[in-house]
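Inspection log for the structure reproduced underneath, given as structure tokens.
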Amino acid sequence: MTKKRTLQYAFQKSLPVMCGYLFLGSAFGVMIQHAGYNFIWAFLISLTVFAGSGQFLLVSLLSGGASLPMTAAMTLLINSRHMFYGLSFLDRFKKTGRKYIYMIFSLTDETYSVLCSVKPEKDVEEGKAMFLIALFNHIYWILGSVLGALLGQFLPLDFTGIDFSMTALFVVLFTEQWFDFKSHLPAVTGLCISAFFLLVLGPDNFILPSLIVTVTVLMACRNLVQNKMEEPESHKKEGAGS
């Protein structure tokens, strides 16, 4: 009964992500097919990279003829944000046993949000439920990617504007994080640094320097950001009313 209940619990928790990942994964599949790579590449990249927004960036870099070191560096920096909230899950991930490495690999913004809501319940194994949620989300993304690539290959679709899905994804993630996190220091820091390098280096060369400087600044200010995140709401209200 415990195994069945854990499976049901994990599936129910993953349903909101399924709706988003099937659509966004399909958008990635269409993009990569349009870039000249078939559904097999969509499957392999989603299986081994599973970087969400990083995969959209990967398609743009591949289409633009970027070098392998540049592609690797950009993907690493884009996903380095996971370092800031992934550390809080290290102890909980240990409950998954040998699946610990996969949990680190499969951590995305959406999976993180769902895992934050996972609480011990009767007949539910917390470690196994966390693993199943991450696995379900990974499967949804793979299915969406393959479906999108197949649709793009066999159906006469108009691909105009499909690359805007990456921009839309970044806007959604930024908006969610703005409202979900108590401290807006990371968002404001990223915006200011990006705007500076955009003006200095132009739209073709500003991304990599912006990411490097932003990550460096946030790492240096990590304690300040964490203290702001952990500040009690009652303390904030008292300060506002004084």
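The values are calculated or read from the model by the stated rules, or taken from the named source; none is laboratory data. Quick caveat: nothing in here was measured; it's all calculated off a predicted structure. A quick note on method: Cβ atoms are made from the backbone with ideal geometry, for glycine too, and the neighbour counts reach across all protein chains shown. The protein model used for the area step is the full one, side chains on, heavy atoms only, and it has no ligands, DNA or RNA in it. Shrake-Rupley method; radii C 1.70, N 1.55, O 1.52, S 1.80 Å.
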Kindly indicate whether any position in segment 128-141 is open to solvent by less than 30 Å² (accessible area, probe 1.4 Å) and farther than 20 Å from residue 25 by Cα. yes
Can you find a residue in segment 113-127 that is under 15 Å from the mean Cα position of the chain (by Cα) and closer than 20 Å to residue 44 by Cα? no
Return the residues of segment 1-10 that are open to solvent by less than 90 Å² (accessible area, probe 1.4 Å) and either under 22 Å from residue 113 (Cβ atoms) or of a type outside the set (S, T, N, Q) (or both); say none if nothing qualifies. 5, 6, 7, 8, 9, 10
Suppose we filter segment 95-116 for residues that are more than 22 Å from residue 79 (Cβ to Cβ) and in contact (Cβ under 8 Å) with a residue 12 or more places away in the chain; how many remain? 2
I'd like the full set of residues that are surrounded by 16 or more Cβ atoms within 10 Å (Cβ to Cβ), hydroxyl-bearing (Ser, Thr, Tyr) and within 17 Å of the chain's Cα centre (by Cα), limited to segment 23-59. 26, 46, 53
Residues being at pLDDT below 70, over 21 Å from residue 223 (Cα atoms) and aromatic (Phe, Trp, Tyr): count how many of those fall in segment 170-190. 1
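Residue-wise test of (1) at pLDDT 85 or above; (2) closer than 14 Å to residue 110 by Cα.
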| site | (1), (2) |
| --- | --- |
| 2 | no, no |
| 5 | yes, no |
| 12 | yes, no |
| 17 | yes, yes |
| 21 | yes, yes |
| 25 | yes, yes |
| 30 | yes, no |
When the residues of segment 191-210 are narrowed to those that are at pLDDT below 75 and surrounded by 13 or more Cβ atoms within 10 Å (Cβ to Cβ), which ends up farthest from residue 77 (Cα to Cα)? 207
Cβ pairs under 7 Å, 6+ apart, first in segment 120-139 and in contact (Cβ under 8 Å) with a residue 60 or more places away in the chain, second aromatic (Phe, Trp, Tyr) and open to solvent by 70 Å² or more (accessible area, probe 1.4 Å): 136/11
Every residue from segment 117-159 that is in contact with a Phe, Trp or Tyr (Cβ under 6 Å, 6 or more places away or on another chain) and modelled with pLDDT under 90: 124
Is segment 67-90 home to any residue that is surrounded by 13 or more Cβ atoms within 10 Å (Cβ to Cβ) and under 30 Å from residue 154 (Cα atoms)? yes
